[in-house]
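First comes the structure, then the notes that go with it.
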Amino acid sequence: MDAASVAWILTATALVLLMFPGLAMLYGGMLSGRSVINMMMMVMSSLAVTTVVYVIVGHGLVLGASVGGLGLIGDPLDFSFFSDLVRDDGEGTTISAAFFILFAAISVALVSSGAAGRMKFDAWMGFAAIWVLVVYGPVAHWVFSPEGWMQKNLHLHDYAGGTAVHMNAGAAGLALAVFLGRRNLSKKEKPHNLPIMLIGVGMLAMGWLGFNGGTAGAADFLAQYVVLTSILALAGGMLGFIVMQRIFDGAYSLMGLGTGAIAGLVAITPSADALNPVCSVLVGVLGSAGAYGAIRVARTFGVDDSADVFAVHGVAGMVGAMFVVFVGDPAAPAEHAGIFFGGGLDMLWREPVAIVATVGYSFCATFVIAWLMNLVHPIRITERDESIGIDAAVHAEVAYDRTGVVAAAGETDENSAASDYADREISAAADRPVS
């Protein structure tokens, strides 16, 4: 790998790392002020837990020799503790390993949408470690490894992880939300900080250019092309979502604009190297429209997927994958001809099989993980802690301490009460003897 390409992958890796505080701000801003600390803790701890697990056995599960030649999972002992990865082989293997860590970690962080405000934090960290081993590792092997069955047998086209990252995380988040059930809300909670949410969207968008651009593996035309198509899909996603809002809700919203931007980026991820510019805009429009519809369906069925990970990442990812089948342009770098560009019908069944297998396995395996963990020890916080607010009850912190302001005005509110509770918990912790 030439020096320019190494420099680009280093930069792309730094951009992807930026996605973690970006996602924390996006998810945190979307929730009430009583849950923002917990949401940010879950997102950022995903990076910590996943990194440790991935270095020990994760890279082998994803890219190791396929166990038994079946294409289902890699050998966990291959690359264990990153053996043979920390030497200069001239091919950028070391920085690529770091890139793969971040792919795994952001997948775990996305799943936290299904647990917001109601899952014990220690249970979340244990869940994250198990999920990397049992769900992410196998699915990533199917998609990323040349020996994985989706690559070897289906000849799946997934440019940058629309299947292994987005659909996988979306289905897992939905499973966790279904298992945990709805939050016990005394009143409907609204997003507490839309400006922070928008900053998070901007940070994620920057990271996405590294995510998709870095997957090119070099500073070349492919990297240029996928950065362009990603920006086009982002724009289409914003327009698609707010138009749907205007038609069905009667108003345009900043939340809708941000949600549409992310849905557009998700939709282009599996197809960034295969679509022409016009179809790149269109995949953003239809991906975000699909996400909007899925959000409405989830609300109808009472599913409390707090940050809508299944709709925004799962459904939009499916739309992007099917765009490759129908409108893949042979003039694009992937040189894949979709059905409408003269391609055959062969891919018409391959991509759906990959989608069904990924979503089905991820949902079922995640649900079983949560169920088994709950048998050992309940993973949902108590009703008392939930009524106080998970930030104050579990983390002994609040995002905004308004005690002095509220007291001066002679008022009371739930945030000041939570702040008082957090102060008492912090003081009690300081007084406990060190064992």
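Between ASP273, ASP304, ASP249, the Gaussian network model of the chain with springs among Cα atoms under 10 angstrom shows the greatest mean-square fluctuation at ASP249. Segment ILE247..ASP2, full-extension length gain: 83.1 nm, with 0.36 nm per residue of separation and the alpha-carbon distance subtracted.
Electrostatic tally near VAL178: other residues with Cβ closer than 11 Å to its Cβ, Lys and Arg +1, Asp and Glu -1, net -1. Using the Cβ-Cβ distance between HIS377 and ALA331 with R0 set to 45 Å, the FRET efficiency from 1/(1 + (r/R0)^6) comes to roughly 0.20. Remark on ALA219: its backbone amide H falls under 5 Å from those of SER5, a criterion applied only to residues 5 or more positions apart or on other chains, H modelled at 1.01 Å from N. Per-residue 3J(HN,Hα) values for region 111-127, derived from phi via the Karplus relation 6.51 cos²θ - 1.76 cosθ + 1.60 with θ = phi - 60°, read 4, 4, 3, x, 10, 4, x, 8, 10, 4, 5, 5, 5, 4, 5, x, 4 Hz in sequence order (x marks Gly and Pro). Per residue, how much space in cubic angstrom lies within the convex hull of the C-alpha atoms of the chain? Dividing the Cα hull volume of the chain by its residue count gives 157 Å³. Around the Cα centre of the chain, unit charges on the Cβ atoms of Lys, Arg, Asp and Glu (plus for the first two, minus for the last two) sum to a dipole of about 1060 debye. In this label model, ALA129 and ASN184 are separated by 2.9 nm, measuring between points 7 Å along each Cα→Cβ vector.
For region 163-259, the C-alpha radius of gyration sits at 1.36 times the compact-globule guess of 2.2 N^0.38 Å, with N the residue count.
I'd like the distance separating the alpha-carbon centroids of region 110-135 and region 321-351, in whole Å. Here the answer is 36 Å between Cα centres. Take 39-48, 334-343 and order them by the average number of nearby Cβ atoms within 10 Å per residue, most first; the result is 39-48, 334-343.
Subtracting the Cα-Cα distance of GLN224 and THR11 from 0.36 nm times their residue separation leaves 75.3 nm of extension gain. Placing pseudo-labels 7 Å out from each Cα toward the beta carbon at ARG384 and LYS152 gives an inter-label distance of 5.5 nm.
Read-outs: derived from the displayed coordinates by stated rules, not from any lab. Here the structure is a predicted model, which means the values were calculated and not measured. Every residue, glycine among them, receives a Cβ derived from its backbone with ideal geometry; neighbour counts consider all protein chains shown.
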